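Colleague: Structure in C-alpha cells, see below.
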Amino acid sequence: MAGHVAKSYEHLQGKLQGISNPQLAAHLTLYQGYVKKLNEIWEKLPRTDRALVNYSFGDYSELRRREPVAYNGTVLHELYFDGLGPDGQPSPELKKAIETAFGSYDAWVQDFKACGASAHGWVLLGWDPLRNQLANNLIHGEHHIGLFAGYQPILALDVWEHAYFLDYQTKKGDYLSAYFKNLNWKTINERYARGAAAAHAASR
Ligand SMILES: [Fe+2]
C-alpha cells in the first residue's frame, strides 16, 4: 500500500495569534507521529496473516481496528493546520450556508465552541449529506468516534489537550477564542466551493 508523506507547516511559525511557536512545534511532532503510525499499519497489513483474526486480540484484527485512528489522526490534523494562518473572511456563499444552517454566523461560532467544550477530540464544520446543509460534528475520545458517515469536513478544530495545554493549561475557552483569530478563510472558502457546495448543487 502506498505511504503518506507528512506535510510541512513550518510557514505557520510566528504567524499565529495566541498559539505559540513551542505549542505549534510540539503539535506538529504529534501529527508526524500519526503519519508514521499510519504508514507502519499500511506497511504491515499486506504481510500480516489474515488468519490471525480475533475479536479479543489478533494481529490482523488489531491493525484494522487501529487503522482509522491513525488515518483520521493524519487527515484531521492536516485539515486543522491547512486551515490556520489568518487570511481573508468567509466568502458570501459560505456565510450564507452557515446562516441557513445555524441562523447566524455568531450562532454557529457559539455552537462550535460548545462542541469544543464538550469533549477532547475534534470539532468539524462540514457538509451533512443527510440534512443537506452544513453541520457541526463532534469527534470524541479518539479520532474516529462520532464521525458522520459521508460527511465532508471543511474546517477542523483540535480540542485534544495537546493542542493548547502549553499555552493555556486549563483555560480551554481562551484557546477556542484564539482559534477563530487564526483561520485561513481563503483555504476554507476553497474547500467549501470545491466539496460542500458541489455536493449541495448536485443534490438539487
Ligand atoms: Fe492534535
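Colleague: Go through the stretch 60-81 and report how many residues are in contact with a helix residue (DSSP H, G or I) (Cβ under 7 Å, 6 or more places away or on another chain) and open to solvent by 20 Å² or more (accessible area, probe 1.4 Å).
Modeller: The total comes to 4.
Colleague: I've got another one for you. Determine whether the stretch 71-91 contains at least one residue that is over 26 Å from Glu10 (Cβ atoms), away from the ligand (no atom under 16 Å from the Cβ) and of a type in the set (Gly, Ala, Ser).
Modeller: Yes, the stretch 71-91 has at least one match.
Colleague: What is the one condition in (1) more than 20 Å from Asp111 (Cα to Cα); (2) open to solvent by 40 Å² or more (accessible area, probe 1.4 Å); (3) assigned to a helix (DSSP H, G or I) that His144 does not satisfy?
Modeller: Looking at each condition in turn, His144 falls short on (3).
Colleague: Take the residues of the stretch 6-47 that are charged (D, E, K, R), open to solvent by 80 Å² or more (accessible area, probe 1.4 Å) and part of a helix (DSSP H, G or I): which is farthest from the ligand (Cβ to nearest atom)?
Modeller: The qualifying residue farthest from the ligand (Cβ to nearest atom) is Arg47.
Colleague: What are the residues in the stretch 130-175 that are at pLDDT 95 or above and of a type in the set (D, E, K, R), if any?
Modeller: Within the stretch 130-175, Arg131, Asp158, Glu161, Asp167, Lys171, Lys172, Asp174 qualify.
Colleague: I would also like to ask the following. Check the stretch 153-161 and report whether any residue there is without any contact (Cβ under 8 Å) to a residue 12 or more places away in the chain and more than 14 Å from the ligand (Cβ to nearest atom).
Modeller: no
Colleague: Out of Gly150, Gly126, Gly141, which single residue is in contact with a strand residue (DSSP E or B) (Cβ under 9 Å, 6 or more places away or on another chain), within 16 Å of the ligand (Cβ to nearest atom) and assigned by TED's automatic domain parsing to the domain that holds Ala193?
Modeller: The conditions single out Gly141.
The values are calculated or read from the model by the stated rules, or taken from the named source; none is laboratory data. Only a predicted model underlies this, so the values are computations on that prediction, with no experimental measurement involved. Here Cβ is always computed from backbone atoms with ideal geometry, including for glycine, and neighbour counts include all displayed protein chains. Just the protein is used for accessible areas: all its heavy atoms, side chains included, with ligands, DNA and RNA removed. Shrake-Rupley method; radii C 1.70, N 1.55, O 1.52, S 1.80 Å.
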